[in-house]
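> Mind having a look at this structure? Questions to follow.
FYI, it's all coordinate maths here, none of it is from the lab. Since this is a predicted model, take the numbers as computed values, not measurements. Note that each Cβ is placed from the backbone with ideal geometry, even for glycine, and that neighbours are counted across all protein chains shown.
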Amino acid sequence: MSQTSILSQITAPTIIIVGEDDPACTVAQSKVLEQHIKGSELLILKNAAHLSNIEQTDKFNDAMVGFLKNSPR
């Protein structure tokens, strides 16, 4: 079973947050996740790398709060 076929089995609400300058988890890799996880959301944070939750705290937190508020319970 390929990794992408495993991703397509994810049914939980999913947000993918990546820093545009992240060398470890790249934007390209994050786009693959978004393509294969049905209904997922991708947020690319500018001026952030691997620690986007620290480098862009307000934008990261706003995205998480919005995602959690709008996710089915």
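> Between G19 and residues 5 or more places away or on another chain, which pairs have amide H atoms under 5 Å apart, with H built 1.01 Å from N, and which residues are they?
Here the answer is L45, S52, since their amide H atoms fall under 5 Å of that of G19.
> Could you compute the net charge surrounding S52? Neighbours are other residues with a C-beta less than 11 Å from the C-beta of S52; K and R count +1, D and E count -1. Let's see the in-between values first.
Details: positive: K46, K59; negative: E20, D21, D22, E55.
Here the charged neighbours net out to -2.
> If we count every other residue with Cβ under 10 angstrom of D21's Cβ, Lys/Arg +1 and Asp/Glu -1, where does the sum land? Provide the component values of the computation, followed by the final result.
Numbers: positive: K46; negative: E20, D22, E55.
That sum, taken over residues with Cβ under 10 Å, equals -2.
> Then there's this: Would you order F67, F60 from fewest to most other beta-carbon atoms within 10 Å of each residue's own beta-carbon? Before the final figure, lay out the partial values.
Numbers: F67 15, F60 19.
Ranked by crowding around the Cβ, least crowded first: F67, F60.
> With an 8 Å Cα cut-off and a minimum separation of 6 or more residues, compute the relative contact order for region 3-70 in percent.
Working: 97 pairs, mean separation 22.5, N = 68.
After rounding, I find 33 percent.
> Ok, one more. When a/c reaches 1.5 or more, the comparison of a/b and b/c decides; with that in mind, is the chain rounded, prolate or oblate per its Cα gyration tensor?
On the way: a/c = 2.98, a/b = 1.23, b/c = 2.43.
Taking the square roots of the gyration eigenvalues as a ≥ b ≥ c, the chain is oblate.
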